[in-house]
1. Can you give me the % of accessible surface on segment A:286-372 that is carbon or sulfur? Probe 1.4 Å, all protein chains present, nothing else counted.
2. For chain A, modelled as a GNM with alpha-carbon contacts under 10 angstrom, which of A:A124, A:A80, A:A331 fluctuates the most?
3. In straight Cα distance, which lysines are under 27 Å from B:K96, not counting same-chain residues fewer than 8 positions off?
4. Using the basic label-point model (7 angstrom from Cα toward the beta carbon), what is the B:M1 to B:V21 distance in nanometres?
5. Compute the accessible area per residue over segment B:31-129, keeping the other protein chains in place, probe 1.4 Å, unit Å².
6. Report the net charge of residues surrounding B:D115, where surrounding means a beta-carbon distance below 12 angstrom and charges are Lys +1, Arg +1, Asp -1, Glu -1.
7. Work out the FRET efficiency for A:S81 and A:D325 from their Cβ-Cβ distance, taking R0 = 56 Å, and round it to the nearest 0.05.
8. At 1.4 Å probe size, with every protein chain present, just tell me what the per residue accessible area of segment A:159-318 comes to in Å².
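The values are calculated or read from the model by the stated rules, or taken from the named source; none is laboratory data. As the structure is a computational prediction, the values presented were derived from the model and not from experiment. Cβ: placed from backbone, ideal geometry, glycine included. Neighbour counts: every protein chain shown. Side chains included, ligands, DNA and RNA excluded: accessible areas come from the protein's heavy atoms. Shrake-Rupley method; radii C 1.70, N 1.55, O 1.52, S 1.80 Å.
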Amino acid sequence: MTADSAFLETPLHAWHKARGGRLVEFGGWLMPVQYTTIVEEHRAVRERVGLFDVSHMGRLTFDGPGVLDWLDRATTNSVASLVDLKIQYSLLANDQGGVIDDILVYRQPFAYIVVCNASNRAAAVAHLESAQRDSEGTMVDRTRDTAMIAVQGPRALETLAPLFDQPLDKISYYHFAMGRLLGRANAVVSRTGYTGEDGFEAVVGAHAAVDVWEALMESGRKFDIVPCGLGARDTLRLEAAMPLHGHELSETINPFEAGVGWAVKLEKGDFIGRPALQALAQNPGRKRVGLVLDTKRIARQGADVLLDGRSIGTVSSGTFSPTLDQSIAMAFIERDAPAAGALEVDVRGRREPARLVKLPFYKRPRPPVSAG
Amino acid sequence: MDPKTLKYSPTHEWVALAGDVATVGISRFAVDQLTDLIVIDLPKVGARLTAGKSFGEIESVKAVSDLYAPVSGEVVEVNAAISGDVQLLAADPYEKGWLVKVNVGPNPDLSGLLDHDAYVKKTAEEHDH
């Protein structure tokens with residue numbers, strides 16, 4: 001942190017600044033929203049490969065003899081069902097069944113890593129601490145002494161593989177490997193991402209971040225790799241219909257209406273939020289849907305969704321899809337809203353015709369090469 | 001238009017006055033800051049603009065921004081080409097990308113506007129903030 005900034009900076013901050021990254025506050029961090037244009041960066045990831053600094057995401061490690069009980073109590077998915085080197089999407093629920101945060105849980109031999117959202121790190125840590133009770137173990141917040149770099153796009157594998165000393169193509173989706181980048185930087189490399197493309201995320205020590213980043217830029221040069229900001233990350237995840245906390249998930253949105261009820265394992269035994277979630281599973285309320293608008297104008301968070309003039313829901317996220325060349329949005333609407341009728345979104349006082357579409361808006365042409 | 005001869009509002013609109021008619025656009029700086037323009041919403045011929053008040057909106061992937069009238073008067077012409085394809089504005093904000101022409105009458109008040117040098121200085125400060 002510099003003296004004139006109240007915000008956290010990632011180990012790549014100076015690089016972003018020197019390369020024209022437009023820095024904005026996000027979740028308490030100063031992050032690049034874009035280097036060139038959002039659409040250019042978005043297309044690079046869909047067609048080639050892009051590099052994202054996601055060091056603002058929270059990284060917490062857990063070890064000790066009681067961590068399985070601890071994490072199974074704190075999260076909604078089944079931590080016990082994880083095998084070594086596998087990653088699980090999960091949620092931290094409050095007592096009302098709302099979502100404090102959505103997280104990834106990595107199972108290492110004898111230990112776990114939890115990756116949480118930047119803006120929810122304090123709340124996630126507090127929830128995890130309160131869930132420990134008498135389980136023996138330690139949680140360490142490694143966010144500040146590590147960096148996290150996402151390599152995303154159809155050329156991600158070819159970009160990253162030459163730099164990693166473990167066989168990258170053997171890592172399946174939602175799995176990871178531990179090894180060295182550049183022959184020296186200890187790294188946790190996972191086949192994960194938030195773009196709807198094949199790709200990887202690497203966690204390395206903070207001191208190694210710039211070297212790894214620059215080596216990736218060099219390795220990806222033949223594919224016209226570009227650095228990408230949070231702007232493209234948002235349009236990419238939206239096309240892929242991935243939920244974003246604060247939009248599709250929140251402490252007042254339950255996992256079932258958000259469409260992530262599959263990450264709630266009511267049968268696994270007691271966990272925080274379970275009684276409320278049991279009731280919500282029977283009566284989830286609204287449902288998350290996809291909308292395509294006739295206009296190019298964007299229906300942003302909070303816009304009213306109307307059926308024959310009657311409000312039936314609210315937009316949670318909207319953008320202009322570079323891939324579809326259309327205005328798209330996700331919304332929560334009444335679960336039993338009739339399928340027929342004139343659907344509109346109130347975009348800043350003007351009603352724009354819209355239609356329901358199946359999510360995701362975009363699905364990559366073929367799945368990643370998987371070698372279990 | 002030569003950007004050096006134009007007058008600018010602090011909200012990044014430019015004005016070129018020829019007789020009673022002012023041509024209004026937005027600056028290259030504004031276009032570069034917005035990036036990823038999607039759509040622009042302009043008033044119709046005959047609409048009355050009031051200096052300092054919104055007369056339309058321009059939307060990019062990131063956000064929607066109001067367009068503020070740098071002068072008061074009646075819209076006499078609208079650039080339909082950019083309503084159809086806002087990329088024309090992104091490519092050429094001072095020629096093909098003009099927004100509206102406004103009849104401002106005789107002796108319009110341009111005292112709230114900046115000349116080119118003052119505007120450039122202001123945007124440099126904004127950029128460094």
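1. Details: 2180 of 4320 Å².
Result for segment A:286-372: 51 percent of the exposed heavy-atom area is carbon or sulfur.
2. With Cα springs under 10 Å in chain A, the top fluctuation among A:A124, A:A80, A:A331 is at A:A80.
3. A:K296, B:K4, B:K7, B:K44, B:K53, B:K62, B:K121, B:K122
4. 1.4
5. Values: 5030 Å² over 99 residues.
Ligands and nucleic acids excluded, the result is 51 Å² per residue.
6. Numbers: positive: B:K4, B:K7, B:K121, B:K122; negative: B:D117.
For residues surrounding B:D115, the net value is +3.
7. On the way: r = 41 Å, r/R0 = 0.73.
According to the calculation, E is roughly 0.85.
8. Details: 6050 Å² over 160 residues.
It amounts to 38 Å² per residue over segment A:159-318.
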